[in-house]
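Comments concern the structure below.
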């Protein structure tokens, strides 16, 4: 099966959803495991990495019959597509090809990969705030694999991981939140501080890999193009993930997206961590709904903001990735408040995946240049508004 065929299945976190999913886009439970007879991947040579990948492959094939090996990627763009839909972390594409392995469930809601920070990374991802379901999926797979693998485990500390803050259970439970109203009311700082007191982090999502050469470029030159689209370098036109979820940065959140996750994994049972993060996600969603209702009182200004986004989405010929995220955020807000017709929340989440660079190249035939991808993204938004 080629990678393009795999991409025809929407990401598992882009389900049909319902009104309750407007604020909580997706959730995941990620487990990190290491082998007692190998050093951490960062200290392994290529031969050791290949041996680890082979061991993971054999264990998955023996213990998880429902999972199949992902199709081999023929180039960097196909490899990037796996990272764009959060099946692997942002470190996976940089591995030597022989040291990479990835196994997926048919719905792609469960993924097992090797050598991305830890020897084995197991991730269950679902739409909305379904963390308990994601944990059940991840835990069952982990139990099956543990019967075949010699996990590095300490009687006092628990599972040993490359990241100190994951030592213990090795679990990251997280959610991707869309919080435009709280951001508009400058209310996120207080929420983040309250969550930090419960050992939870709320951080802005950040797009892409750092550009290798320079910053964004404009669609043309001279003063006549001051309002033209700013197009990021191709490697930056994506939203990748780490063990915590979507990549984060101190900069303003891309498209009002925020990453919520636990900040430690030591001394707390997995079920409690999952419940804690799930409760925090519901709390944030409730506060976001209240903030949206306040914003909706200034109906004329809000409708103007949404109308401008709709006009740009319909008329633009080039859209940068960050600009596309802003448009998607505004359209999602307008749809949630029933101020504009449009797709359901799951379809909006699917657009988040499919407007990334590798997806546009492989699914829409865009040339592998920043401008060509930006043009394909603009066409995608025009089609989205006609659905």
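What separates the Cα centres of the stretch 21-85 and the stretch 263-293 is a distance of 27 Å.
Between residue 317 and residue 42, the contour length at 0.36 nm per residue exceeds the Cα-Cα span by 94.7 nm. With neighbours defined as other Cβ atoms within 10 Å of a residue's Cβ, the residues 36, 113, 105 order from fewest to most as 36, 105, 113.
What angle, in degrees between 0 and 90 and rounded to the nearest 10, separates the Cα long axis of helix 299-315 from the longest principal axis of the Cα atoms of the chain? Long axis of 299-315 versus the principal axis of the chain: about 80 degrees.
Counting 0.36 nm for each residue step from residue 132 to residue 97 and taking away their Cα separation leaves a gain of 9.2 nm. Within the listed set 41, 127, 11, the residue fluctuating most in the Gaussian network model of the chain (springs between alpha-carbon atoms under 10 angstrom) is 41.
On full extension, the segment bounded by residue 156 and residue 308 gains 49.0 nm, given 0.36 nm per residue less the C-alpha separation. Centre-to-centre, using Cα atoms only, the stretch 305-329 and the stretch 94-160 are separated by 36 Å. Counting other Cβ atoms within 10 Å as a rough exposure proxy, the listed residues 35, 82, 321 run 35, 82, 321 from fewest neighbours to most. By the beta-carbon count within 10 Å of each Cβ, the least crowded to most crowded order of 258, 380, fewest first, is 380, 258. What is the helix-to-structure angle for 370-384, meaning the angle in degrees between its Cα long axis and the longest Cα principal axis of the chain, kept from 0 to 90 and rounded to the nearest 10? Roughly 70 degrees, rounded to the nearest 10. Relative to the longest principal axis of the Cα atoms of the chain, the long axis of helix 46-63 makes an angle of roughly 90 degrees.
Estimated from helical segments only, the mean residue ellipticity of the chain at 222 nm is -13000 deg cm²/dmol, where each DSSP H run of four or more residues counts as -39500 (n - 2.57).
Read the figures in this text as sums done on the coordinates, not as results from a lab. Just so it is clear, the model here is predicted, and its values are computed rather than measured. Glycine also receives a Cβ, built like all others from the backbone with ideal geometry; neighbour counts cover every protein chain displayed.
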